[in-house]
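**Student:** Here it is: the structure, laid out below.
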Amino acid sequence: MKLPPLRLGELTAVVPIIQGGMGIGVSRSSLAAAVANEGGIGVISGAQIGFEEEDFANNSAQANLRALRDEIRKAKTLSPNGIIGLNLMVAMNNYKEMVKAAVEENIDLIISGAGLPTDLPALVKGAKTKIAPIVSSGKAASVITKMWEKRYEYIPDMVIVEGPEAGGHLGFSVEQLEAKPRVTLEQLVKDVIEALKPYMDKYNRKIPVIAAGGIFDGKDIAKFLKLGAAGVQMATRFIATEECDADIKYKEQFINAKEEDIQLVKSPVGMPGRAIRNELLERLENGNLAVKKCYNCLKHCDPKNTPYCISQALMEAVRGNVKEGLLFTGSNAYRMDKILKVKELMRELVQEAEAAYV
Ligand SMILES: Cc1cc2nc3c(=O)[nH]c(=O)nc-3n(C[C@H](O)[C@H](O)[C@H](O)COP(=O)(O)O)c2cc1C
């Protein structure tokens, strides 16, 4: 059966797939526009997006704002009719300025996690930009919606629920991630829909709930749609695409990774993450790493007491320094074995999902 489109107010994505934002630099205009051109929602990651600007090392705040505007414009030129979103982590120091610049560039959607985006409605006020928090529990969905309603008379345009199999930073403690059995994305999706139901009833409007984390193929997509999700967010699978904005050596690590290479890692953001094992992770275990330069990126990072610089590690990775870079990944990366065009990947996902969505 045909998949239901994902509706966000006046915006419609004919394919209910959001390509998750991937920092630093892994999802920029090339990947986001390619996904948007296939009817999904393409998402640029705003995390240290200015890392290739000449003045980044000494003037990162301005470099990031400049590159952000530039990447949004490029994506909109490459995909004039597609939906382009921006992922911004609340934990970043320049969060507010970046939101404002993106709104001025008429970004369609802002997705925010790594903390609760408590002030986001005020920052986009008067604009058409849609806003979506990322949560990891029904409780968090309830807290942010209640807060937005009380403070701004605004309820989320969409809520993304990210489960324990996701890549990047995870909204769970190490204990929760190592618990057996651990919480499933299926359960979390049900909890979030339940938590948002009173608001959907009160405002007589659907709040699309998007499932994210470990979604690999069309069967997974169909499963979450049947559970009541309005769509899915997928990131890791889009790394193994030609249009992904990272170096080819980076992409190759993902298609060559084995299941046992994928492990949890501590991050200076204060949340655990998941990454492919490499020299960096080995050195981290042996404790012989230190921060050489601080880019002042995170609100709660003390460079003296942090084992490594997350910005440096992610910048190394995207440039192809796969030994010293941090290779964030979802738990399913080991199932990928080739690099596809976004068009091929989207077609495969939609065909499989339609076959399973009955
Ligand atoms: C390399 C990489 C970088 C990521 N960077 C970010 C980020 O900057 N901000 C964010 O909110 N999520 C980030 N994520 C999470 C994704 O947007 C997505 O929600 C998640 O990875 C979905 O799980 P999947 O990769 O198994 O599909 C990242 C994920 C990966 C794999």
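**Student:** Compute the separation of the alpha-carbon centres of the range 128-184 and the range 67-125 and state it in Å as a whole number.
**Tutor:** Each part's Cα centre sits 18 Å from the other's.
**Student:** Starting at 0 and stepping by 5 Å, how many percent of the alpha carbon pairs of the range 1-101 end up in each bin?
**Tutor:** The distribution over the range 1-101 is 2, 15, 23, 22, 17, 11, 6, 3, 1, 0, 0, given as percents.
**Student:** Does the chain classify as rounded, prolate or oblate by the C-alpha gyration tensor (a ≥ b ≥ c root eigenvalues; a/c under 1.5 gives rounded; else a/b over b/c gives prolate, otherwise oblate)?
**Tutor:** rounded
**Student:** Another question, then. Please calculate how many Å² of accessible area the range 167-209 carries per residue, with a 1.4 Å probe and no DNA, RNA or ligand atoms counted.
**Tutor:** For the range 167-209, the per-residue accessible area is 60 Å².
**Student:** Once neighbouring chains are kept in place and the probe is 1.4 Å, which whole percent of the accessible area of the chain is contributed by carbon and sulfur?
**Tutor:** Its accessible area is 48 percent carbon and sulfur atoms.
**Student:** Using a 1.4 angstrom probe and counting only protein chains, how large is the accessible area of residue 203 in Å², to 10?
**Tutor:** Approximately 90 Å² for this residue.
**Student:** Quick one: accessible area per residue over the range 242-284, 1.4 Å probe, rounded to a whole number of Å²?
**Tutor:** Per-residue accessible area for the range 242-284 comes out at 48 Å².
**Student:** To continue, here is another question. Per residue, how many Å² of accessible area does the range 1-120 show with a 1.4 Å probe?
**Tutor:** Roughly 36 Å² per residue, with all protein chains present.
**Student:** Bin all alpha-carbon pair distances of the range 222-358 at 5 Å intervals from 0 and give each bin's fraction as a whole percent.
**Tutor:** In order of increasing distance, the bins hold 2, 10, 17, 19, 17, 13, 11, 7, 4, 2, 0 percent.
**Student:** Let me ask something else. Counting only residues 5 or more places away or on other chains, whose amide H sits under 5 Å from the amide H of residue 241 once H atoms are built in the peptide plane?
**Tutor:** 340
**Student:** Using θ = phi - 60° and the Karplus form 6.51 cos²θ - 1.76 cosθ + 1.60, what ³J(HN,Hα) does each residue of the range 147-161 get, whole Hz, x for Gly and Pro?
**Tutor:** Whole-Hz 3J(HN,Hα) from phi for the range 147-161: 5, 4, 5, 5, 7, 10, 6, 9, 10, x, 6, 6, 10, 9, 10.
**Student:** Quick one: Karplus J couplings for the range 48-56, per residue in order, coefficients 6.51, -1.76, 1.60, θ = phi - 60°, nearest Hz, x for Gly and Pro?
**Tutor:** Coupling constants for the range 48-56: 6, 5, x, 4, 9, 6, 4, 9, 4 Hz.
**Student:** Using the Karplus equation 6.51 cos²θ - 1.76 cosθ + 1.60 (θ = phi - 60°), what ³J(HN,Hα) coupling, rounded to whole Hz, does each residue of the range 6-11 give in order, writing x for Gly and Pro?
**Tutor:** Using θ = phi - 60°, the values come out as 9, 9, 10, x, 7, 8 Hz.
**Student:** Another question, then. Step through the table entries 74/249; 180/299; 96/197; 146/197, compare each Cα-Cα distance with 22 Å, and write down the pairs that go over it.
**Tutor:** From the list (74/249; 180/299; 96/197; 146/197), the Cα-Cα distance tops 22 Å for 74/249; 180/299; 96/197.
**Student:** Out of the GluC sites (Glu not before Pro) in the range 1-71, which ones are loop residues according to DSSP with at most 10 other C-beta atoms within 10 Å? Walk me through the intermediate numbers first.
**Tutor:** Numbers: sites: 10, 38, 52, 53, 54, 71; in loops: 10, 38, 52, 53, 54.
Passing sites in the range 1-71 are 10, 54.
**Student:** Hey, another quick one. With every protein chain kept in the model, how would you rank 220, 201 by accessible area, 1.4 Å probe, largest at the top?
**Tutor:** Descending accessible area places them as 201, 220.
**Student:** Please list, ordered by chain and number, the residues whose modelled amide H lies under 5 Å from the amide H of residue 83; skip anything fewer than 5 residues away on the same chain.
**Tutor:** Here the answer is 42, since their amide H atoms fall under 5 Å of that of residue 83.
**Student:** Take 43, 350, 358 and sort them by solvent-accessible surface of the protein heavy atoms, 1.4 Å probe, largest at the top.
**Tutor:** 358, 350, 43
**Student:** So, one more: For the range 191-231 and the range 333-358, write down the distance between their C-alpha centroids in whole Å.
**Tutor:** Here the answer is 20 Å between Cα centres.
**Student:** Run through the range 97-177 and list the GluC sites (Glu not before Pro) located in a DSSP loop whose Cβ has at most 10 other Cβ atoms within 10 Å.
**Tutor:** When the GluC sites (Glu not before Pro) of the range 97-177 are filtered for loop state and at most 10 Cβ neighbours within 10 Å, 153 remain.
**Student:** Using the Kirkwood formula over every pair of different C-alpha atoms, what hydrodynamic radius in Å results for the range 284-358?
**Tutor:** In the range 284-358 this quantity evaluates to 15.8 Å.
**Student:** Amide H to amide H, which residues 5 or more places from residue 130 or on other chains are under 5 Å from it, using H placed in the peptide plane?
**Tutor:** 109, 110
**Student:** Charges only on Cβ, +1 for Lys and Arg, -1 for Asp and Glu: so what's the dipole of the chain about the Cα centre, in debye to the nearest 20? Can you show the working numbers first?
**Tutor:** Working: 46 positive and 45 negative charges, 164 e Å.
My answer is approximately 780 debye.
**Student:** Right, next: Between 68, 87, 118, whose Cα lies farthest towards the positive end of the dipole of the chain when Lys and Arg beta carbons carry +1 and Asp and Glu beta carbons carry -1, centred on the Cα centre?
**Tutor:** Selected residue: 118.
**Student:** For the full complex of protein chains and a 1.4 angstrom probe, list 337, 261 by accessible area with the highest value first.
**Tutor:** Greatest to least solvent exposure: 337, 261.
**Student:** Sticking with this one: If the cut-off is 17 Å between C-alpha atoms, which aspartates and glutamates fall inside it for residue 150, apart from same-chain ones fewer than 8 positions away?
**Tutor:** Counting by Cα, and skipping residues close in sequence, residue 150 has these aspartates and glutamates nearby: 119, 201.
The values are calculated or read from the model by the stated rules, or taken from the named source; none is laboratory data. Only a predicted model underlies this, so the values are computations on that prediction, with no experimental measurement involved. Reconstructed Cβ throughout: ideal geometry from the backbone, glycine too, with neighbour counts over all protein chains shown. SASA here: full protein model, heavy atoms, side chains in, ligands and nucleic acids out. Shrake-Rupley method; radii C 1.70, N 1.55, O 1.52, S 1.80 Å.
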